[in-house]
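Read the structure below first, then the notes.
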Amino acid sequence: MLVLVVGAVGLGINIIGLLIFQDCRWLCRRCGRGAPQDTDPETVNEKADFQQRTDSPEVDQNEDERQALNIKGVLLHLLNDALGSFVVVVAAVIFHIWPVAPDSPCTWQCYVDPSLTLLMVAVIMSSAAPLIKETTTILLHIIPATLPFPQILEHVCELPGVLSVHDAHVWLLTKGRTVATLHVRVAKELHRSLGELETLHRHVREVFHKAGIHSVTAQLEFGDGGLKPSHCSAPCLSPTCMKISCCPAGVPAFTIFKANLPLYHSGMSSD
């Protein structure tokens, strides 16, 4: 009876914790959505052209699916505690209804507790596996499996004024938040036109935006088409450190023939 009471109290506490946790999450989401936005007419006019071409319903649809890993970990921990208390209550009820004498041989009641424990462990492991997989993907800076990175680079190469792309990197920061960096070599015709360079930079961001990547750092480089594929206008400051850079010159180039010029990617990497 004491075990039953303790298990019931623990289960009640865990259920209360889950309810409080869910209420706090709902309140935080509502406060976040109700945050005031910038309504300055000048700012709106400056961003209107870019937003009209890049606004996508998929961004708003996936916004609710993005959750921090620590929140998922806390929720999983509370669920596991509640499941453990539930197993204790079930086992205590069974032994209270069908008690086993100390000197009686082992019957089916003897296997209730270990069976429920093994079932609880299986549920915990199955629920923790996705969290471990997601955490590993983030820590290892792995390219998301659903992200067509080579096709994205092809689209960038098709933009007018782009000669080549190299040192391109993409990695998952958190769930639903991908970061990308790349070097873009532009044609000489754009070197003296700041407005055209800004337009090209915006078009590069639009390509990544349509692919779901909204944090992009694009470094525009100036040169002609006769440079080597692995050449970078902003290399390491010392020749001795070239071999330990993220995209060393000795790595074979990843070339995609698209449009008028090939896309030179000297180091497609996840980091």
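Just so you know, all these numbers are worked out from the coordinates, no wet-lab data involved. Just so it is clear, the model here is predicted, and its values are computed rather than measured. So basically every Cβ, Gly included, is an ideal-geometry build from the backbone, and we count neighbours across all protein chains shown.
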Worksheet entry | Residues of the range 170-190 with amide N under 13 Å of the 7 Å Cα→Cβ point at PHE222 | 186-190
Worksheet item: From the Cα gyration tensor of the range 89-217, with a ≥ b ≥ c the square roots of its eigenvalues, which class applies: rounded if a/c is under 1.5, or else prolate if a/b is larger than b/c, or else oblate?
Response: prolate
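Calculate the FRET efficiency for GLU196 and ASN70 from the Cβ-Cβ distance with a Förster distance of 51 Å, rounded to the nearest 0.05.
Efficiency computed from Cβ-Cβ geometry: 0.70.
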Discussion item. Using the basic label-point model (7 angstrom from Cα toward the beta carbon), what is the LYS133 to LEU118 distance in nanometres?
Written reply: 2.5 nm
